[in-house]
1. Condition (residue is surrounded by 15 or more Cβ atoms within 10 Å (Cβ to Cβ), basic (K, R), under 23 Å from T7 (Cα atoms) and within 21 Å of the chain's Cα centre (by Cα)) applied to the stretch 174-185: is it met by at least one residue?
2. Need the failing condition index for L178 against (1) under 26 Å from A130 (Cβ atoms); (2) touching a Lys or Arg at 6+ places or on another chain (Cβ under 8 Å); (3) of a type outside the set (G, A, S); (4) not in a helix (DSSP H, G or I), just the number.
3. If you scan the stretch 60-87, which residues turn out to be touching a residue at least 60 places away in the same chain (Cβ under 8 Å), of a type outside the set (K, R) and not in a helix (DSSP H, G or I)?
4. How about the stretch 125-148: which of its residues are farther than 14 Å from V186 by Cα, part of a helix (DSSP H, G or I) and of a type in the set (G, A, S)?
5. Given the residues R66, R80, which is the only one that is on the phi < 0 side of the Ramachandran plot and in contact with a helix residue (DSSP H, G or I) (Cβ under 6 Å, 6 or more places away or on another chain)?
6. Taking the stated definitions as given, is L228 touching a strand residue (DSSP E or B) at 6+ places or on another chain (Cβ under 7 Å) and farther than 22 Å from G247 by Cβ?
Amino acid sequence: MHLSDTTPVLVSGGASGLGEAVVRRMRKAGCPVAILDLDEARGAAVAEATGALFRRCDVTDAANVRDAIAGARATHGTARLAVTCAGIAPGAKTVGKGVAHDPDLFARAISINLLGVFHVASIAAEAMVAADEMEGGERGVIVNTASVAAFEGQIGQVAYAASKGAVAAMTLPMARDLARDGVRVVSIAPGLFKTPLLEGLPQEVQDSLGQTVPFPSRLGDPAEFAMLVQHIARNAMLNGEVIRLDGAIRMAAR
C-alpha cells in the first residue's frame, strides 16, 4: 500500500503511547489520520499538534465505534489503514490474598483489549471491502496490537494475557475472512515499550526492565512500533501473521 495524502488512516488509542506514535508517523507520511480515543483533552492536543482529526470513541461500544468511524469517513474518506492500539493492562492474580480475581476487572480487560479491537477492525473492514481496489487488488490493511503476554503471560496478567492471546488468535481467521476482498490483517506483539504505563515507574525501574531485553537492552521506543506499522502497510506479502517486536525477550513468570 502506498501511503500518501490519498490514504486515510484510523488509529484507536491514538491519543498516547504506541497509538500516538503511529499517528505522528502516518501524518509525516502525508496520510489523513483520525484519532479514536476516550481521552478528549489528550486526543485534541495530539490532533492539533499533528493536523490529525480527533473523534471521541469508546471502543467497547460498537455503535459508538461505528459513529466515530463514520465521522472520520465523512471528513477523510474510507480508511485504508486501521490500527488498533487502545488497551489496558490490569494486574491481578487468579486468586490474590485468598480472594478470586475480580470478575468485573477481567471483563473490562476483555471488553477493551479484545472486543474493542474487534469492533474497530470489523467496522473499519466493512468500509474497506466496499471501497475501490487499489494497486495489486488491495483495499485495506488492519494492524492489531497484541503483546508478548499473549505467549508468556506473567503472574498477575491472567486478564491481560487472555485478552491479548485472543487478539493473536483471531489474526489468521480474520485475514482469511477478508482475503477475497483484498484486505490484509496483521498483529504486532510488542514487548517492553516506553509507554505511559512504564513511564510512570521510577527511572531506575525502567532501566532495570530495559536490561532484561537481550538486545537492544532497553525499553522499546513507540516510534519503532510505528515504523513496523508503516512497513506492514507497505509490504503486501505480510498477512495473517503475529509479529513479535521485543528485542528477543521471553518473559519470566514475574
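1. Yes, there is a match, as at least one residue in the stretch 174-185 is surrounded by 15 or more Cβ atoms within 10 Å (Cβ to Cβ), basic (K, R), under 23 Å from T7 (Cα atoms) and within 21 Å of the chain's Cα centre (by Cα).
2. (4)
3. Filtering the stretch 60-87 for residues touching a residue at least 60 places away in the same chain (Cβ under 8 Å) gives 62, 72-73, 76-87.
Keeping just the survivors that are of a type outside the set (K, R) gives 62, 72, 76-79, 81-87.
Selection gives G77, T78, A79, L81, A82, V83, T84, C85, A86, G87.
4. Within the stretch 125-148, the subset farther than 14 Å from V186 by Cα is 126-139, 148.
Narrowing further to those that are part of a helix (DSSP H, G or I): 126-129, 135-137.
Passing the criteria: A127, G136, G137.
5. On the way: R80 fails: in contact with a helix residue (DSSP H, G or I) (Cβ under 6 Å, 6 or more places away or on another chain).
When all the criteria are applied, what remains is R66.
6. Values: touching a strand residue (DSSP E or B) at 6+ places or on another chain (Cβ under 7 Å): yes; farther than 22 Å from G247 by Cβ: no.
Judged against the criteria, L228 is not a match.
Residue-by-condition table, conditions (1) among the polar types (S, T, N, Q); (2) modelled with pLDDT of 95 or more:
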residue	(1), (2)
A175	no, yes
V185	no, yes
P196	no, no
P202	no, no
L209	no, no
F215	no, yes
D221	no, yes
N239	yes, yes
G247	no, yes
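To keep it simple, each residue is scored yes or no on (1) buried (at least 17 other Cβ atoms within 10 Å of the Cβ); (2) at pLDDT 95 or above.
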site: P90; (1), (2): yes, no
site: A109; (1), (2): yes, yes
site: I112; (1), (2): yes, yes
site: H119; (1), (2): yes, yes
site: A124; (1), (2): yes, yes
site: V129; (1), (2): no, yes
site: V143; (1), (2): yes, yes
site: A146; (1), (2): yes, yes
site: A150; (1), (2): yes, yes
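The values are calculated or read from the model by the stated rules, or taken from the named source; none is laboratory data. Computed from a prediction, not measured in an experiment: that's the story for all the values here. When we count neighbours, we look across all protein chains shown, and the Cβ atoms used for this are built from the backbone with ideal geometry, even at glycine.
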